[in-house]
Amino acid sequence: MDAALLEQMLLGSLLALSVYLPLRCGQLSLATPGFYAVGGYVAALLSTGVAAFAGSGATSPLPALVAEMVLGGMLAGLIALAIGGPVLRLRGIYLAIATIALVEILRVLNLNLPFTGGAMGIFGIPQPFAHAGGYVLFTLALLALACWLCQRLEAMRLGRAMAAIRDDELAAASVGIDTPRTKLIAFVASAVLAGITGALAAHFFNSWNARAGSFDASITTLAFVVFGGSRFWLGPVLGGLALTALPELLRPVGDLRLILFGAVILLGPLFFPQGLVTAERLRWLAALLRLGRKRGHQAPQAP
Amino acid sequence: MSVGRLLRLGTGLLTLSLLLAGCGSDDTNQPVDVTGGVPVGAVLALTGNANVYGQDQKIGLELALQQRNGSGGINGRPLKLALEDSGSDEPGANAAFTLQINRGVLALIGPTLSQQAFSADPIAQRRGVPVVAPSNTATGIPEIGFFISRVSAESSVIAPLAIERALKIQPGLKRAAVFYAQDDAYSTAETTIFQKALKEKGLEPVTVQRTQLNDQDFQNQISAALREKPDLIVLSLQAVDGGNLIRQLRELGYRGLIVAGNGMNTPNIYPICQKYCDGLLIAQAYSPELDTPANAAFLKAFKAAKGGAIPPQLTAQAYTALQVIGEALARLDKRQPLTGAPLAATRKQLMQELLAGTYATPLGEIRFTPEGEVIQSQFFVAQVRMDPGGRSGRFALLK
């Protein structure tokens, strides 16, 4: 498989995790592409406008990339913090609509601000890695970190609180969980992750424009989570990897490939309504493996 | 085994496989692979909202390939063209470019949209693969780097011609209204040129209306524009949104002249605006009536393939792009055979060869500047004439 496609898949996974975080406490937020675009603009503007970020060699310095990712994540997080309070009072489909509106507002702003380059966007973004392989390793490390944090969340008080809110917000509030604060933390964490991903993606794609954060992108990232499963972090990761790769892997079938892709998206939720990865399926897989190992041990004793 | 351990194992395996996959392709020292023909790649928008252009371009490439391989290919070895769909967005173009480059193509044709070019061309530039753009008209494309060139003349050269022509048809024009899609690179780049040209002719636009690339309903913008009583409307829109806008413009009662940019320069607008396409003025970088042997051969091949239809500009430009690459490859191969030559060095030599040549193409005789910008001598203006049924029509050249 090609490193560039792999990189796109990993970026897809990171975005899927960003959609997963608010869903983890029952909040359907489609704002991820908006924050992704913001993070990308931060990186694009800094690395094309500030000499220290661009560097002087063939590749731009790695610390500059990390700094851009931190700044991009911070800006996205601050925006989420500022609007999270009022927006998160909405629930379910109303929250989804409000976050779509947020993505639209950010998109129109990005198209019309004097320094974001209009529809053409910003191009000629310097490259921190000479080869796509460098991006892959770097993004893999980032994804591993994000997955580890998500796994830690399962055992943490915050993670338990989020799960409680997802299952029943009223009951969670009545046992003393600060629901507005927990939801806000999830929303901000989602924005930070999307912002960081955007900063990395802007370098990888060479150019950045307002189309990065469109309504279409909202739906695509949501599909990652719906397809992969929203109960456990492995679901969005797999969904992001699979659905980003699929249109490319289907190239040999020619003109039919987008029809097949659509069919997969349609059939996925139809046959796996909870997504590909569920707790039952993981347990079942673990049991299967245990059984396989036992058989393996017994085999030599057989006559 | 607990769920946690299983997960750790799974993550580990995933990481390992991804790592292994990541350390694959490195093509710097490979020789050129000519099994099955001399490899050239094309990346066109065959799906998404720009697919109407990709269709025109695909025919052009097929005809040029036939022509080349029918007359001996690259000194006896056939030219092998791999075509990939880029969709109509940037990640699609990036992925298709990378795929083609990894296949070991010597040169690339595409991508269809300027917006895609700004994203995908730097990949080819970085990996040292010659690109000939058949349809990018935005400012700044050849400037992306040494390996990037185009056969599609920049819109700043062509677009003003249609306005001059409109003034010739109707000298008393006073009130121009301008439309463009504010989220599209081509539209925003071309409208700047149109607006500048209008001002130079003393036609300060009375209103500038912004639309979105994926809009279908333009009633608000049209009503706002018609309140200003314009007698000339200038559009920088792509085929699908532009076609719909013209249709709605006429339905809402506008009777005056309409000038459109390169985005609507395809017969594929006929099914969209139907009888309302009639009278549309569009400047052309290609004329079917150009009387040269190269154009005669192209016309003959196109008419044979498409049942007597007249080729559109995008088809002629795509044909030209592959013709230019074919001729440059043949010259290079004669000087030093391609077989067994190192890939990276051959790509670079091909780019130098490409820029140095002069080509007799359907567009007329063309050359390149050292930057890769096309030098073309003749441009034209056409007016769309629809048949009475409104199903089909033609681009009639204005003399």
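In table form, for the structure just shown:
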read-out: Residue in the stretch B:298-312 that is nearest to B:Gly364 (Cα to Cα), counting only those that are part of a helix (DSSP H, G or I) and touching a helix residue (DSSP H, G or I) at 6+ places or on another chain (Cβ under 7 Å); value: B:Phe298
read-out: Filter pass, B:Thr47 being assigned to a loop (DSSP other than H, G, I, E, B), at the interface with chain A (Cβ under 10 Å from one of its Cβ atoms) and open to solvent by 20 Å² or more (accessible area, probe 1.4 Å); value: yes
read-out: One residue from B:Glu164, B:Glu228 being open to solvent by 40 Å² or more (accessible area, probe 1.4 Å) and in a loop (DSSP other than H, G, I, E, B); value: B:Glu228
read-out: Evaluation of B:Phe97 against (1) in contact (Cβ under 8 Å) with a residue 60 or more places away in the chain; (2) open to solvent by less than 10 Å² (accessible area, probe 1.4 Å) (one fails), failing number; value: (1)
read-out: Some residue of the stretch A:246-265 being in contact (Cβ under 8 Å) with a residue 12 or more places away in the chain, in a helix (DSSP H, G or I) and open to solvent by less than 10 Å² (accessible area, probe 1.4 Å); value: no
read-out: Which listed residue, of A:Ser190, A:Ser174, is away from chain B (no Cβ under 14 Å) and either surrounded by 24 or more Cβ atoms within 10 Å (Cβ to Cβ) or β-branched (Val, Ile, Thr) (or both); value: A:Ser190
read-out: Residue in the stretch B:59-84 that is farthest from the other protein chains (Cβ to nearest Cβ), counting only those that are farther than 18 Å from B:Thr35 by Cβ and assigned to a strand (DSSP E or B); value: B:Leu83
read-out: Any pair with Cβ under 6 angstrom, 6 or more apart, that starts in the stretch A:195-220 at a residue that is at the interface with chain B (Cβ under 9 Å from one of its Cβ atoms) and ends at one that is crowded, with 24+ Cβ neighbours inside 10 Å and among the aromatic types (Phe, Trp, Tyr); value: A:Phe204/A:Tyr135; A:Ser207/B:Phe118
read-out: Unmet requirement for A:Glu68, which otherwise passes all of (1) away from chain B (no Cβ under 14 Å); (2) among the acidic types (Asp, Glu); (3) open to solvent by 30 Å² or more (accessible area, probe 1.4 Å); value: (3)
read-out: Every residue from the stretch B:167-199 that is open to solvent by 50 Å² or more (accessible area, probe 1.4 Å), free of Cβ contacts under 8 Å to residues at least 60 places away in the same chain and over 26 Å from the mean Cα position of the chain (by Cα); value: B:Lys168, B:Pro171, B:Gly172, B:Lys174, B:Arg175, B:Lys199
read-out: For B:Gly202: the one exception among (1) outside the structural domain of B:Val43 (by TED's automatic domain parsing); (2) within 26 Å of the chain's Cα centre (by Cα); value: (2)
read-out: Search result, residues across the stretch B:267-283 that are surrounded by fewer than 23 Cβ atoms within 10 Å (Cβ to Cβ) and assigned to a loop (DSSP other than H, G, I, E, B); value: B:Asp278, B:Gly279
read-out: From the options A:Gly268, A:Gly239, A:Gly198, residue that is more than 26 Å from A:Leu149 (Cβ to Cβ), in a helix (DSSP H, G or I) and among the small types (Gly, Ala, Ser); value: A:Gly268
read-out: Flag if A:Ala279 is open to solvent by less than 70 Å² (accessible area, probe 1.4 Å) and touching a Lys or Arg at 6+ places or on another chain (Cβ under 8 Å); value: yes
read-out: Of residues in the stretch B:322-343 being buried (at least 16 other Cβ atoms within 10 Å of the Cβ) and out of contact with any helix residue (DSSP H, G or I) (no Cβ under 8 Å at 6 or more places or on another chain), the one farthest from B:Val34 (Cα to Cα); value: B:Glu327
read-out: Every residue from the stretch B:234-262 that is among the small types (Gly, Ala, Ser) and open to solvent by less than 30 Å² (accessible area, probe 1.4 Å); value: B:Ser236, B:Ala239, B:Gly242, B:Gly243, B:Gly256, B:Ala260, B:Gly261
read-out: Leading residue by the ranking (nearest to A:Phe232 (Cα to Cα)) among those in the stretch A:117-141 that are part of a helix (DSSP H, G or I) and either facing another protein chain (nearest Cβ under 9 Å) or open to solvent by less than 30 Å² (accessible area, probe 1.4 Å) (or both); value: A:Leu140
read-out: The stretch A:95-116, residues that are open to solvent by 40 Å² or more (accessible area, probe 1.4 Å), more than 8 Å from chain B (Cβ to nearest Cβ) and not in a loop (DSSP other than H, G, I, E, B); value: A:Ile97, A:Ile100, A:Ala101, A:Glu104, A:Ile105, A:Val108, A:Leu109
read-out: Residues located in the stretch A:1-53, provided they are touching a Pro at 6+ places or on another chain (Cβ under 6 Å) and either farther than 18 Å from A:Asn206 by Cβ or open to solvent by 10 Å² or more (accessible area, probe 1.4 Å) (or both); value: A:Ala16, A:Leu17, A:Tyr20, A:Ser29
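Each row is one residue, and each column tells you yes or no for (1) part of a helix (DSSP H, G or I); (2) without any contact (Cβ under 8 Å) to a residue 60 or more places away in the chain; (3) under 21 Å from the mean Cα position of the chain (by Cα); (4) within 14 Å of chain B (Cβ to nearest Cβ).
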| site | (1), (2), (3), (4) |
| --- | --- |
| A:Ala144 | yes, yes, yes, yes |
| A:Pro180 | yes, no, no, no |
| A:Lys183 | yes, no, yes, no |
| A:Ala186 | yes, no, yes, no |
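A quick yes/no check of all residues on (1) in the same structural domain as B:Asn244 (by TED's automatic domain parsing); (2) under 29 Å from B:Asn244 (Cβ atoms); (3) free of Cβ contacts under 8 Å to residues at least 24 places away in the same chain; (4) open to solvent by 10 Å² or more (accessible area, probe 1.4 Å):
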position: B:Ala42; (1), (2), (3), (4): no, yes, no, no
position: B:Asn51; (1), (2), (3), (4): no, yes, no, yes
position: B:Gly54; (1), (2), (3), (4): no, yes, no, no
position: B:Gln66; (1), (2), (3), (4): no, no, no, yes
position: B:Lys80; (1), (2), (3), (4): no, no, no, yes
position: B:Asp85; (1), (2), (3), (4): no, yes, no, yes
position: B:Ile101; (1), (2), (3), (4): no, no, no, no
position: B:Ser119; (1), (2), (3), (4): no, yes, no, no
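The values are calculated or read from the model by the stated rules, or taken from the named source; none is laboratory data. Bear in mind the structure is a predicted one, so any value in this text is a computation, not a measurement. Positions of Cβ are backbone-derived with ideal geometry, glycine not excepted, and every protein chain shown enters the neighbour counts. For the accessible areas, the whole protein counts, side chains as well, though only heavy atoms, and no ligand, DNA or RNA atoms are used. Shrake-Rupley method; radii C 1.70, N 1.55, O 1.52, S 1.80 Å.
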